[in-house]
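Just so it is clear, none of the values below were taken in a lab; they were calculated from the coordinates. As the structure is a prediction and not an experimental result, all values here were calculated from the model. Neighbour counts run over all protein chains shown; Cβ positions are idealised from the backbone, glycine included.
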Amino acid sequence: MLLRWLAIAGQTVAVLFVRYGLEVDFPLDWALVAIGISIVVNLILTRRSQELAREWEAAAQLAYDAVQLAVLLALTGGLQNPFVFLFVAPVAVSATVLRPAVTAMLAALTFFCVGAISVWRLPLPWPDDSAFVMPPLYQMGIAAAVLVGLGFTSVYAWRVAAEEERLNIALAAVQAVLSREQTLSALGGLAAAAAHELGTPLATIHLVAKEMTRELSPDDPRYEDLQLLVTQSERCRGILAQLSANRERGDVMIQRAPIRSLLEEVTSPHEGLGAEIVIVTEGEGALEVRRMPEIVHALGGFVENAVGFARSRVEIEARWTRDDVEIVVRDDGPGFASAILNRLGEPYLTERDEEGIAGGLGLGFFISKTLLERTGAKLEVRNRRPPNRGALVKAVWPRASIEAPAL
């Protein structure tokens, strides 16, 4: 709506400036009629601006814009008018928001308008009532330039819009993965809250049972039952105390793990799927890392990809120094196709297929890359150097960003 108001304002200023500023004679009345119709149309659309336009309505509005522009150009010289390149605008807008089939129909209408104003037009307005006529061959060149610009701009705009939509879908998938982990983490908070709320009534039960036990002799048939009630209530108190302690420590046993245990957790779902998985760890001293869900899911995605393409073996290697932690996933498959190696990590990019092996859409790789970069990792993706073959993915973190704090 706003764009059409800007177009109306620009058209009004242009025709008035040419007529009265440059003192060029042309059918101003008819031009203002065409602009006035646009004002009426926009006022009608403004009244229902709260409603979301359906696809056919948006296409009709853009088609009207193209026809209205054609009328103005036909009154002011047709293809000789330098504003003829504004035909690109409606088609470019359509390419970003409407289906390709609808955009193609709008482009066909625009092509027709370009052809129509090349035949049915008034002379180009010129000062001093002199005639200025471009050679027909030059006008054909302008028409061809407009048509090529229409095609290129619409295809480019469509590709940009499609990539943005795919990126949004991929980011939504990342958020879904993290949301699941956050939900699981929230269960720890619920358990701690339950432990706190249950502590008081359980303490009352324990106290009453203990007092009743003191009042009974050991020979009383109820004595053993009350003793059992006391011991079980003490056990429940211990369990609730552990839940509260785990919450206070941030679920420390769940949130940290030796790096080898973390890698075993990552690879366990992919064991026995055809390729042998070998884990190698080596570094200065023992290393416990924070069990971040981003790392677990991301490495799992890389391992799944490697197992899917490996001939017989997948290696996961972890090395660390005082400064850095490095995890490498490599396989002995066909490797990444050279044509897409520099574009890996883009969503919906087919990953590898130099030897006819089916590749994925790249969404999993994009998710893994995004998750690791959120943890501070730097990623390197390449093919292994000869005589080895296969793909290699390496992630490197500063040790401080991944190492679990001391207990």
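Details
- By the beta-carbon count within 10 Å of each Cβ, the least crowded to most crowded order of Ser154, Ser179, fewest first, is Ser179, Ser154.
- Set of lysines with alpha-carbon distance to Lys369 below 28 Å, sequence-local pairs under 8 removed: Lys378, Lys394
- Reciprocal of mean inverse Cα separation for segment 256-402 (Kirkwood radius, Å): 15.3 Å
- Taking GluC sites (Glu not before Pro) across segment 50-108, the ones in a DSSP loop with at most 11 further Cβ atoms lying within 10 angstrom of their Cβ are Glu51.
- Three-way shape call for segment 2-172 based on the alpha-carbon gyration tensor, with the a/c threshold at 1.5: oblate
- Sites Ala176 and Ile37 - FRET efficiency at Förster radius 56 Å, r taken between beta-carbons, to 0.05: 0.70
- Neighbour-count ranking [beta-carbon atoms within 10 angstrom, fewest first] of Trp5, Trp56, Trp126, Trp320: Trp56, Trp5, Trp126, Trp320
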